Amino acid sequence: MSKSTKIKELTSHEVSQLLTNKKFSKLKPSSCNLCGEKKRFLRRIFEVYGVAKRKHSDDKTQNNIRLEFKQQYSIDFIFFKTNDGRLFVDSAVCEECKSTAIVYDIDLFDPDTIFEISKLTGQSKEEIIMGLRKTSDMLENE
């Protein structure tokens with residue numbers, strides 16, 4: 001990571017405000033990779049300064065930031081997000097076992113997500129939900 005890159009952990013108030021942004025909060029903690037907990041997570045979100053916008057998705061840049069998080073914060077899983085042109089790192093801690101190996105996922109049954117899929121595909125919301133349930137059932141039976 002370059003010397004001009006700085007990382008700042010957001011306060012709990014800043015995290016709460018950021019999580020009100022529906023787009024930012026779609027990808028969220030879903031389970032602990034260590035103990036299997038599915039609900040109780042403490043979010044830790046950091047803003048990364050000094051990375052050019054064109055480098056936000058760059059593999060080398062992200063790998064350097066990952067290494068920094070592993071070394072400096074002992075955080076195993078991090079997720080990169082952008083919001084209003086700013087680069088954030090989203091992570092969570094399992095409140096059950098304190099692990100930072102938290103798997104993130106998107107809630108496909110979220111009404112806003114269903115609406116967006118419906119707009120993109122031209123299918124009704126009901127058709128989308130039925131299709132998602134059918135796919136989910138098929139995946140569970142594999």
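Per-residue answers, yes or no, for (1) closer than 21 Å to Phe41 by Cβ; (2) aliphatic (A, V, I, L, M); (3) touching a helix residue (DSSP H, G or I) at 6+ places or on another chain (Cβ under 9 Å):
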{"position": "Ser91", "(1), (2), (3)": "yes, no, yes"}
{"position": "Asp105", "(1), (2), (3)": "yes, no, no"}
{"position": "Asp110", "(1), (2), (3)": "yes, no, yes"}
{"position": "Ser118", "(1), (2), (3)": "no, no, yes"}
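Could you check Arg43 against (1) surrounded by 15 or more Cβ atoms within 10 Å (Cβ to Cβ); (2) touching a Phe, Trp or Tyr at 6+ places or on another chain (Cβ under 9 Å); (3) assigned to a strand (DSSP E or B) and say which number it fails?
(2)
Results for (1) touching a residue at least 24 places away in the same chain (Cβ under 8 Å); (2) more than 21 Å from Glu9 (Cα to Cα); (3) among the β-branched types (Val, Ile, Thr), shown as yes or no for each residue.
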residue: Arg40; (1), (2), (3): yes, no, no
residue: Glu95; (1), (2), (3): yes, no, no
residue: Ser99; (1), (2), (3): yes, no, no
residue: Val103; (1), (2), (3): yes, no, yes
residue: Pro111; (1), (2), (3): no, yes, no
residue: Ile114; (1), (2), (3): no, yes, yes
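Just name the residue that is modelled with the highest pLDDT out of those in the range 21-40 that are under 14 Å from the mean Cα position of the chain (by Cα) and exposed (fewer than 13 other Cβ atoms within 10 Å of the Cβ).
Result: Asn21.
Where in the range 52-142 are there helices (runs of 4 or more DSSP H), lying wholly inside it, with at least 3 residues that are at pLDDT 90 or above, exposed (fewer than 12 other Cβ atoms within 10 Å of the Cβ) and not hydrophobic (A, V, I, L, M, F, W, C)? Spell out how you get there, then give the answer.
Numbers: elements: 59-68, 111-121, 125-140.
Qualifying helices (runs of 4 or more DSSP H): 59-68.
The values are calculated or read from the model by the stated rules, or taken from the named source; none is laboratory data. Just so you know, these numbers come straight off a predicted model, no measurement behind them. Glycine also receives a Cβ, built like all others from the backbone with ideal geometry; neighbour counts cover every protein chain displayed.
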